[in-house]
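Here's the structure we're looking at; comments come further down.
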Amino acid sequence: GAQIIDLMMLVIDVTKGMQTQSAECLVIGQIACQKMVVVLNKIDLLPEGKRQSAIEKMTKKMQKTLENTKFSGCPVVAVAAKPGGPEAPESENPLGVSELIEVLKSQAYLPSRDPSGHFLMAVDHCFSIKGQGTVMTGTILSGSVSLGDSVEIPALKVTKKVKSMQMFHTPVTYAMQGDRVGVCVTQFDPKLLERGLICTPDSLHTIHAAIISLKKIQYFRGALQTKAKFHITVGHETVMGRVMFFSPAPADFNEEIQENVFDFEKDYLYQEEYLSKDLVSSEENKENDQAGEVQLPKQQWALLEFEKPVTCPKLCLVIGSKLDTDIHANTCRLAFHGVLLQGMEDKNYTETFLPKLKVYKQKHKEGQVERVMDDYSVIGRSLFKKETNIQIFVGLKVKLSTGEDGIIDGGFGQSGKFKIRIPDGLKPDTKMLLTAASKKKSKGGKGDMTKEDESSKNDSAQPVTISLIFKRYIFDTQKKMIQS
């Protein structure tokens with residue numbers, strides 16, 4: 001609902017100050033509104049002698065709170081809407097309301113409106129008028145509508161003709177973005193639609209999943225984790241959805257991001273959770289106390305999978321919340337907000353659409369060199385499990401801790417050992433290191449394999465390790481391993 005507000009009033013109880021709900025309203029306002037006026041209410045509860053200083057104190061406090069928001073420096077007005085409370089006699093005059101009206105007049109502005117594009121209206125009330133038809137009242141979010149136009153109620157897949165229209169009790173033949181209007185259609189049961197959207201036929205899509213760009217809401221405590229469920233508010237609907245976060249590949253962290261588009265050609269890095277300053281600094285501090293500048297990407301995205309399909313316009317606002325949090329807990333329930341960049345209309349999107357999304361996980365495996373075969377090959381172990389099919393790793397590049405590049409050539413024996421080809425040959429130092437290690441081993445008891453393996457594990461000579469690094473795209477049906 002906040003998407004149709006051009007100027008908001010944030011009403012604060014002067015005796016209590018900011019409450020959890022006020023903070024949530026402020027968060028929604030920052031996402032969906034441009035201008036705000038703060039109203040300090042219930043000033044009649046302050047003793048007259050101390051009233052002025054208490055109002056000034058709370059005004060300062062509010063201005064401090066708003067300092068780092070888009071509403072910094074907004075007007076603060078003190079009122080008592082109904083002195084004496086709800087039981088007070090009607091003759092009690094409100095305090096400060098005429099000043100509030102003046103402030104609202106000075107803050108009011110005519111937003112720039114655009115009649116072009118598809119018609120889309122947020123309906124907040126639907127009722128029938130005898131002999132006329134069914135009236136849907138609401139605010140036009142985009143485009144325009146004229147008498148005789150066909151409009152679709154996408155949630156019900158029904159199309160109707162506009163029979164008549166009124167704005168503030170006056171019949172009109174045309175209305176556009178920003179107008180409050182009542183649209184009358186015939187032969188439609190008002191019980192079927194309480195609130196929702198109506199639009200140009202076929203202009204809205206029903207989607208099962210979406211890619212969104214997003215930002216974490218700074219007041220939300222706790223991490224945003226992949227696979228977690230959130231209440232996702234899209235347009236007029238709130239449904240449960242599961243998230244998977246991803247960021248640009250590290251090389252593109254600083255690249256300027258194009259607004260409102262998603263590039264399917266690029267590679268993206270899978271994230272276990274949304275990357276944010278608080279997350280990074282706490283982990284960094286455990287390891288080293290100097291929190292250096294940590295690299296965060298300029299933009300992050302999420303794949304949203306809805307529990308039930310959602311009908312919404314492109315590029316609409318998305319808000320993720322934890323609405324099951326205890327309302328009395330002093331904590332913000334709104335977790336993130338973003339823009340819907342790409343919807344997936346196909347029910348089988350996991351097969352038809354997701355493979356186009358190039359999100360990868362970086363895999364890193366470590367093993368050890370068992371022994372030298374000749375100048376151009378070594379035998380490795382501990383990189384694979386006994387049951388691993390080594391064939392699928394053949395041809396992948398590895399690096400030895402001594403600096404040589406190698407290529408996996410195939411399995412060796414039955415216990416998960418494998419052969420590595422070293423195209424440029426082993427360095428003399430490496431050869432010496434490995435021969436020394438294996439000589440030490442062979443002294444440990446000839447022919448007794450198990451003891452030999454034991455002694456090699458506890459060998460004091462620094463073993464030569466093998467590292468294998470590759471990428472795997474998480475939606476790749478063939479689970480291919482990619483190396484750059």
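The values are calculated or read from the model by the stated rules, or taken from the named source; none is laboratory data. Values in this document were obtained by computation on a predicted structure and should not be read as measured data. Note: ideal-geometry Cβ built from the backbone for every residue, glycine included; neighbour counts use all protein chains shown. What goes into the accessible areas is simple: the full protein's heavy atoms, side chains included, and nothing from ligands, DNA or RNA. Shrake-Rupley method; radii C 1.70, N 1.55, O 1.52, S 1.80 Å.
I'd like the full set of residues that are assigned to a strand (DSSP E or B) and open to solvent by 70 Å² or more (accessible area, probe 1.4 Å), limited to the range 371-387.
Here is the first cut: in the range 371-387, the residues assigned to a strand (DSSP E or B) are 371-374, 377-381.
Scanning the range 371-387 gives R371, M373, D374.
Please verify whether L279 is assigned to a loop (DSSP other than H, G, I, E, B), modelled with pLDDT under 95 and under 22 Å from K227 (Cα atoms), treating the condition exactly as stated. It is false that L279 is assigned to a loop (DSSP other than H, G, I, E, B), modelled with pLDDT under 95 and under 22 Å from K227 (Cα atoms).
Restricting the first member to the range 299-311 and to residues that are more than 17 Å from D267 (Cβ to Cβ), and the second to residues that are of a type outside the set (K, R) and not in a strand (DSSP E or B), the beta-carbon pairs closer than 7 Å and six or more apart or on different chains are T311/P154; T311/A155; T311/L204.
Working carefully through the options P75, P89, find the one that is without any contact (Cβ under 8 Å) to a residue 40 or more places away in the chain and touching a strand residue (DSSP E or B) at 6+ places or on another chain (Cβ under 8 Å).
Of the residues listed, the single one that is without any contact (Cβ under 8 Å) to a residue 40 or more places away in the chain and touching a strand residue (DSSP E or B) at 6+ places or on another chain (Cβ under 8 Å) is P75.
Quick check on the range 105-115. Is at least one of its residues more than 30 Å from E48 (Cα to Cα) and surrounded by 13 or more Cβ atoms within 10 Å (Cβ to Cβ)? Yes, the range 105-115 contains a residue that is more than 30 Å from E48 (Cα to Cα) and surrounded by 13 or more Cβ atoms within 10 Å (Cβ to Cβ).
Regarding A155, is this residue in a loop (DSSP other than H, G, I, E, B) and touching a Gly at 6+ places or on another chain (Cβ under 9 Å)? First the steps, then the outcome.
Values: in a loop (DSSP other than H, G, I, E, B): yes; touching a Gly at 6+ places or on another chain (Cβ under 9 Å): yes.
So A155 passes the test.
This table checks each residue for (1) at pLDDT 95 or above; (2) buried (at least 21 other Cβ atoms within 10 Å of the Cβ).
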| site | (1), (2) |
| --- | --- |
| K298 | no, no |
| A302 | yes, yes |
| E305 | yes, no |
| C312 | no, yes |
| L315 | no, no |
| I327 | no, no |
| G338 | no, yes |
| T352 | no, no |
| P355 | no, no |
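Looking only at residues of the range 138-152 that are in a strand (DSSP E or B) and either open to solvent by 60 Å² or more (accessible area, probe 1.4 Å) or without any contact (Cβ under 8 Å) to a residue 40 or more places away in the chain (or both), we find that the one that is farthest from H205 (Cα to Cα) is S146. The strands (runs of 3 or more DSSP E) falling completely within the range 178-267 that include 3 or more residues that are open to solvent by 20 Å² or more (accessible area, probe 1.4 Å) map to 205-216, 229-234, 237-248.
How many residues does the range 92-104 hold that are without any contact (Cβ under 8 Å) to a residue 60 or more places away in the chain and either loosely packed, with under 13 Cβ neighbours inside 10 Å or outside any loop (DSSP other than H, G, I, E, B) (or both)?
7
From the list V103, V158, V123, the lone residue that is of a type in the set (V, I, T) and at pLDDT 95 or above is V103.
Within the range 388-403, the set of residues being in a loop (DSSP other than H, G, I, E, B), within 42 Å of the chain's Cα centre (by Cα) and in contact (Cβ under 8 Å) with a residue 24 or more places away in the chain comprises T388, L396, S401, G403. Total residues in the range 165-177 satisfying the condition of being closer than 21 Å to S116 by Cα, without any contact (Cβ under 8 Å) to a residue 40 or more places away in the chain and either open to solvent by less than 80 Å² (accessible area, probe 1.4 Å) or touching a Phe, Trp or Tyr at 6+ places or on another chain (Cβ under 7 Å) (or both): the figure is 4.
Looking at the range 113-134, which of its residues are in contact with a helix residue (DSSP H, G or I) (Cβ under 8 Å, 6 or more places away or on another chain) and either under 19 Å from D189 (Cβ atoms) or not in a strand (DSSP E or B) (or both)? Before you say what the answer is, go through the steps one by one.
Here is the first cut: in the range 113-134, the residues in contact with a helix residue (DSSP H, G or I) (Cβ under 8 Å, 6 or more places away or on another chain) are 122, 126-128, 134.
Hits for the range 113-134 are C126, F127, S128, T134.
Residues are listed down the side, and each one gets a yes or a no for (1) touching a Ser or Thr at 6+ places or on another chain (Cβ under 7 Å); (2) surrounded by 12 or more Cβ atoms within 10 Å (Cβ to Cβ):
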position	(1), (2)
A80	no, yes
P83	no, yes
E90	no, no
S128	yes, yes
M136	no, yes
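Only one entry of G395, G413 meets the criterion of being at pLDDT below 90, farther than 30 Å from F245 by Cβ and not charged (D, E, K, R), and that entry is G413. Of all the residues in the range 19-51, those that are in contact (Cβ under 8 Å) with a residue 60 or more places away in the chain, open to solvent by less than 50 Å² (accessible area, probe 1.4 Å) and either in a strand (DSSP E or B) or of a type in the set (S, T, Y) (or both) number 3.
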